[in-house]
Amino acid sequence: MSRIKCWQIDAFTDRPFAGNPAAVCWLEDEADVRWMQAVAAEMNLSETTFVRRIEKDSRSGNQFGLRWFTPVVEVDLCGHATLATAHALWTAGYASRGKPICFHTRGGTLPCVQDGDFIDLDFPATPVTETLPAAPVAAALGAEPVFVGRSKYYMLAVVESAEVVRSLQPDFRRVGELPTKGLIVTAPADEAKFDFVSRFFAPALGVNEDPVCGSAHCCLAPYWAERLGKSKMMAYQASTRGGVLRLRLDGDRVILGGQAVTVWEGELLQSSAAGA
């Protein structure tokens with residue numbers, strides 16, 4: 001029976017039991033996709049990641065293949081689980097400290113670097129364009145948005161205040177019927193240390209509310225950068241657990257900065273991982 005090293009990491013937080021938890025599984029070889037999906041369902045977190053070392057060329061260094069799974073589906077891009085994976089690899093010695101990590105994923109090549117207590121992720125920006133009508137979104141949220149738009153992956157609804165964001169009690173059935181993988185809701189922050197707040201709902205992906213969603217901020221960063229006239233921002237995701245993101249818009253890229261904490265580590269006992 002094989003033993004697979006695993007960690008659970010809380011991402012976009014500097015303390016345990018906050019931010020967004022992700023399970024990270026270390027693979028020696030590629031694994032069967034059905035097995036990975038079954039493990040993600042067993043973990044029952046918003047994302048479980050599977051990471052393995054790859055050699056792209058003789059100068060490869062910290063080069064890794066990375067895949068992300070919700071409890072029900074594989075996804076193309078995930079920020080918090082990438083942050084969690086980088087933290088796990090550097091902490092456990094699978095990646096050389098002080099040297100960048102490069103993840104090769106379905107969402108593209110994603111570099112990560114250490115910056116003091118923070119880890120910076122280099123992700124593609126996914127700008128939003130305005131869409132109509134807003135009525136189905138209003139019905140799903142129970143609140144009237146002042147703007148509804150669409151990015152590559154998600155819909156974006158802007159509401160009038162941070163208090164509205166915090167008090168939302170969405171109808172998840174209706175949210176799941178919207179023509180999108182997930183719905184971001186955002187408003188200007190009501191605390192001086194943050195620029196904006198948000199929440200993220202993705203019942204279509206098997207996650208009613210994602211505690212802190214990095215990929216959502218690939219849409220939020222360009223939206224708020226244009227409206228606030230600044231390229232560097234601090235964001236707060238106002239879920240029950242809560243999370244903090246340091247953002248920098250750099251052309252068509254978004255630098256997502258966050259901290260992470262290891263909650264547990266252990267081994268997954270499973271003999272049927274081989275495949276693919």
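The values are calculated or read from the model by the stated rules, or taken from the named source; none is laboratory data. Given the structure is predicted, the values throughout are model-derived calculations rather than measurements. Note that we place each Cβ from the backbone using ideal geometry, even for glycine, and neighbour counts take in every protein chain shown. With ligands, DNA and RNA removed, areas are computed over all heavy atoms of the protein, side chains included. Shrake-Rupley method; radii C 1.70, N 1.55, O 1.52, S 1.80 Å.
Checked against (1) in contact with a strand residue (DSSP E or B) (Cβ under 7 Å, 6 or more places away or on another chain); (2) in contact (Cβ under 8 Å) with a residue 60 or more places away in the chain; (3) among the hydrophobic types (A, V, I, L, M, F, W, C); (4) closer than 30 Å to residue 8 by Cβ, residue 128 passes all but condition (4). Just so you know, in the stretch 24-59 the residues that are of a type outside the set (Phe, Trp, Tyr) and touching a Cys at 6+ places or on another chain (Cβ under 6 Å) include one that is nearest to residue 83 (Cα to Cα), and it is 47.
Checking 227, 246 one by one, the residue that is more than 24 Å from residue 138 (Cβ to Cβ) and open to solvent by 50 Å² or more (accessible area, probe 1.4 Å) is 246 and no other.
In a residue-by-residue description of the stretch 165-173, the property of being without any contact (Cβ under 8 Å) to a residue 60 or more places away in the chain, open to solvent by 10 Å² or more (accessible area, probe 1.4 Å), among the charged types (D, E, K, R) and farther than 19 Å from residue 224 by Cα applies to at least one position.
Residue count for the stretch 1-48 under the criterion of being in a loop (DSSP other than H, G, I, E, B), open to solvent by 20 Å² or more (accessible area, probe 1.4 Å) and among the hydrophobic types (A, V, I, L, M, F, W, C): the result is 3. Has the stretch 141-155 got any residue that is of a type in the set (Gly, Ala, Ser), assigned to a strand (DSSP E or B) and open to solvent by less than 70 Å² (accessible area, probe 1.4 Å)? Yes. Only residues that are open to solvent by 10 Å² or more (accessible area, probe 1.4 Å), part of a loop (DSSP other than H, G, I, E, B) and in contact (Cβ under 8 Å) with a residue 60 or more places away in the chain were counted in the stretch 78-95, giving 1.
To keep it simple, each residue is scored yes or no on (1) under 14 Å from the mean Cα position of the chain (by Cα); (2) at pLDDT 95 or above; (3) over 30 Å from residue 91 (Cα atoms); (4) assigned to a loop (DSSP other than H, G, I, E, B).
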{"site": "165", "(1), (2), (3), (4)": "no, yes, yes, no"}
{"site": "180", "(1), (2), (3), (4)": "no, yes, yes, yes"}
{"site": "193", "(1), (2), (3), (4)": "no, yes, no, yes"}
{"site": "199", "(1), (2), (3), (4)": "yes, yes, no, no"}
{"site": "214", "(1), (2), (3), (4)": "yes, yes, no, yes"}
{"site": "255", "(1), (2), (3), (4)": "yes, yes, no, no"}
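What are the residues in the stretch 230-243 that are touching a Phe, Trp or Tyr at 6+ places or on another chain (Cβ under 6 Å) and either surrounded by fewer than 17 Cβ atoms within 10 Å (Cβ to Cβ) or among the β-branched types (Val, Ile, Thr) (or both), if any? Result: 234, single match.
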